[in-house]
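Single-structure report; data block below.
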Amino acid sequence: MAGMNSPLVHVRLRVEGIVQGVGFRPFVHTIAVRHGLRGQVANDPDGVLIDVTGPADAVAGFRRTLEGEAPPLAVIERISVRRREAAPPGETGFTIAAGPDDAPNGPARALIPPDIATCADCLGELFDPADRRHRHPFINCTNCGPRYTVVRSVPYDRSRTTMAGFPMCAACAREYHDPTDRRFHAQPLCCPDCGPALRLTDARTGTPIDGDPVAGAAALLRAGRIVAVKGLGGYHLAADAFNERAVHALRSRKHREEKPFAVLVPDPATADRLCEVDDTARALLTSPRAPIVLLPRREDAGVAPSVAPGRRELGLLLPYTPVHHLLCAQLPHPYVLTSGNLSDEPIAHHDDEARRRLAGIADAFLTHDRTIHTRADDSVVRTTPAGPVPVRRARGHAPEPLPLPVPARRPVLACGAELKSTFCLATGHRAVVSPHLGDLEHPETLRSFTEGIAHLRRLTGTDPELIAHDLHPEYLSTKYAHDLADSTGAHLMGVQHHHAHIASCLADNAEHGPVIGVAFDGLGYGTDGTLWGGEFLLADLTDFHRAAHFTPVPLPGGPAAIREPWRMAAAYLDACGEDPDDLPVYRRNRARWDQVRALARGGTHAPPTSSVGRLFDAVAALLDLRDTVSYEGQAAVDLEQCADPSITDAYEAQVTADGRIHGTDLIREVLTDVRAGTPPETVAARFHNALARTTAAVCHTLRETTHLTRVALSGGVFQNAYLLDRTTAALRRHDFHVLTHRRIPPNDAGISLGQAAVTAARTPA
């Protein structure tokens with residue numbers, strides 16, 4: 001028999017990574033018994049601690065199985081092994097021990113997994129009339145369900161989650177303690193007899209609505225009403241996606257004039273009827289992360305016009321909680337599922353907060369009594385020919401760590417930017433980026449930012465010694481960094497905005513640099529005090545040199561020019577010396593045109609900017625697509641939507657010897673076509689193609705002097721699938737290796753990771 005002649009050994013293994021809340025201890029128990037070992041496994045603040053006693057060859061086989069057959073949701077970062085002199089006293093068999101009641105001295109480093117969509121096994125039970133959890137809206141197991149949003153502290157045990165107030169019944173306790181059961185040590189385990197309960201209430205009075213809550217909510221949705229639904233990471237607002245009156249009412253009450261809504265579809269077949277779904281998109285939709293996926297819509301999709309006005313895409317997602325599945329089973333149409341908030345606010349997640357903020361929007365609340373400890377909005381991914389591009393990283397992803405190319409030798413807090421805010425905590429090779437928070441200019445978001453940092457610091461045991469921030473002195477994240485440094489004595493590290501963009505792309509691709517970094521976005525504070533946004537940087541993780549950029553033009557009225565793209569058209573026309581009298585954009589805005597032009601010329605309230613995002617705004621206004629926006633980047637989205645993908649010719653822009661790219665050249669060519677009556681679809685395509693070819697040409701010129709062959713593309717402008725595809729193709733024709741974002745968004749949500757990567761690389765050993 002195996003092991004008969006093998007010496008007896010006593011070994012302690014520490015496993016670090018995402019190993020709590022993913023069925024790891026039951027897995028360890030199973031394979032320990034399989035290998036005939038004695039001992040125990042327990043969660044602790046660092047991950048999972050395993051003590052085993054048995055023949056040396058059996059222990060070696062156990063170690064191989066541990067690494068090779070780990071549960072699908074587990075991520076093993078490191079296994080450390082230490083021989084022990086003897087087995088612990090009284091050790092018999094193999095047991096699962098509870099985590100310690102009090103964390104030992106020292107920081108907690110265990111990783112909490114993200115919230116995961118309901119698994120196939122639980123779904124089978126949910127709709128099985130013979131199962132004791134038939135139609136139980138909180139069904140879960142070790143392979144699915146709530147994780148990060150219910151955790152209060154580590155180690156990850158039930159007593160430290162918001163399930164602590166729901167003692168298990170005898171039947172659930174038997175499952176919990178049965179090593180052969182799928183729910184063995186599943187911390188959110190419950191059933192209809194011992195778990196949370198749904199309730200449906202009237203939004204105005206708060207009184208309960210009689211009957212089955214799911215059936216009642218479905219009836220309200222069928223009748224064209226709006227229902228606030230409590231999900232994993234917060235409340236959503238739901239309405240029948242085929243009912244124009246209901247969707248228009250939701251848009252009006254939520255003060256979300258035009259930004260598209262996501263649509264929840266019951267199954268992949270329905271997704272196919274609404275959108276063009278390729279294999280990549282299908283894999284994203286059906287993955288345990290269950291993000292919203294932006295897809296090309298079919299002409300006969302049939303959804304209400306107000307779902308995504310004027311858009312060629314729809315954001316689709318599949319049900320990811322039992323409540324969503326139960327609702328879908330009773331509804332004839334897909335339904336809108338959008339964040340429970342007023343426009344620009346963070347998603348509501350506490351019950352009192354939701355009633356206060358959403359009572360004027362929803363007609364009813366489908367809610368429950370399991371507390372959401374940490375808010376997490378839905379993740380969003382866009383499919384492009386270059387591959388999936390994350391737009392928002394939240395539920396299903398955060399707080400899963402990302403590796404740093406250079407380890408952080410001292411703990412780092414990176415505070416991010418102002419818009420699409422995230423923060424990042426980094427120690428060693430591990431960077432934990434928060435879920436998407438929103439725009440910090442909103443008080444609720446700022447509060448969520450500060451509370452989120454405190455919570456994630458507790459969970460990760462991170463006491464930052466270095467605090468990274470953007471160079472913009474007026475960003476609230478920058479001010480927070482300074483205040484925290486003043487109160488803690490931590491060292492501040494300023495990181496230029498576009499360097500952080502390129503560093504985030506490098507970190508996303510496990511690269512150190514140097515690269516030619518192309519950072520196109522709306523605005524970012526430059527080292528010369530101007531507003532950058534059309535940058536070519538020679539960069540690595542520690543430093544950068546601004547090698548080329550778009551020639552700055554005035555931003556007349558500052559933030560007002562971002563809200564009103566016609567102002568950028570006025571600024572560019574003035575910079576070109578063009579008479580605007582024959583243009584519709586001038587006639588529409590004649591009353592204020594001279595005033596805005598005077599602002600542009602005066603300079604006091606018109607800071608210069610090299611922003612490519614603002615160049616997009618100017619072209620969109622010249623094509624009569626949009627004079628004002630209701631959300632950030634809307635004019636650029638319109639311009640992308642307008643572009644005809646069959647057009648292959650392009651405008652040309654002059655690049656001077658000192659690396660200045662004249663956006664005014666592109667504006668002049670746009671004007672020539674507009675005045676000649678060229679279709680807007682052609683003009684938009686030629687403009688996109690010009691940016692792609694100009695980018696490749698500038699990179700080619702820089703390669704001649706630097707010999708760099710890798711290009712990193714970052715910044716919010718590269719969420720544009722048309723531009724990303726053509727830029728990537730043009731660079732590859734020039735034999736460049738192109739780095740794009742894969743796990744973190746290219747927009748400002750990636751800034752915190754970039755700041756952390758730069759700070760880690762700059763910190764000496």
So how do 593, 532 line up by other beta-carbon neighbours within 10 Å, fewest first? 593, 532
About the Cα centre of region 519-741, how large is the charge dipole given +1 on each Lys and Arg Cβ and -1 on each Asp and Glu Cβ? Please answer in debye to the nearest 20. 180 debye
Calculated from DSSP helices alone, with each H run of at least 4 adding -39500 (n - 2.57) and the total divided by the residues of the chain, [θ]222 nm to the nearest 500 comes to -10000 deg cm²/dmol
Can you pull the one-decimal nm distance between simple spin-label points at residue 591 and residue 451, each 7 Å off the Cα toward Cβ? 4.2 nm
Rank these for me by crowding, 163, 493, going from fewest to most other beta carbons within 10 Å. 493, 163
Quick test of the membrane-span-like rule: which DSSP H helices of the chain reach at least 20 Å along their long axis (C-alpha atoms) with mean Kyte hydropathy at least -0.5? 443-460, 680-706
Alpha carbon centroid spacing (whole Å) that separates region 689-741 from region 194-219: 53 Å
Please work out the C-alpha center-to-center distance from region 349-399 to region 23-96 and express it in whole Å. 37 Å
Among 688, 667, 481, flag the residue with its Cα farthest along the positive direction of the charge dipole of the chain, charges on Cβ as +1 for Lys/Arg and -1 for Asp/Glu. 481
Gyration tensor (Cα only) of region 198-368 to equivalent ellipsoid, semi-axes in Å sorted down, yields 25, 17, 15
Proxy exposure order for 194, 141 (fewest C-beta within 10 Å first) is 194, 141
Under unit Cβ charges (Lys, Arg +1; Asp, Glu -1), what dipole magnitude, rounded to 20 debye, does region 421-505 have relative to its Cα centre? 320 debye
Would you work out which of 162, 606, 320 lies farthest towards the positive end of the dipole of the chain? Charges go on Cβ: Lys and Arg +1, Asp and Glu -1. 162
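Suppose every Lys and Arg Cβ carries +1 and every Asp and Glu Cβ carries -1, with no other charges. What dipole size does the chain come out with about its Cα centre, to the nearest 20 debye?
On the way: 81 positive and 90 negative charges, 253 e Å.
Its charge dipole is roughly 1220 debye.
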If you average the alpha carbon positions of region 122-141 and of region 605-669, how far apart do those two centres end up, in angstrom? 53 Å
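Read-outs: derived from the displayed coordinates by stated rules, not from any lab. Computed from a predicted structure; not experimentally measured. Neighbour counts run over all protein chains shown; Cβ positions are idealised from the backbone, glycine included.
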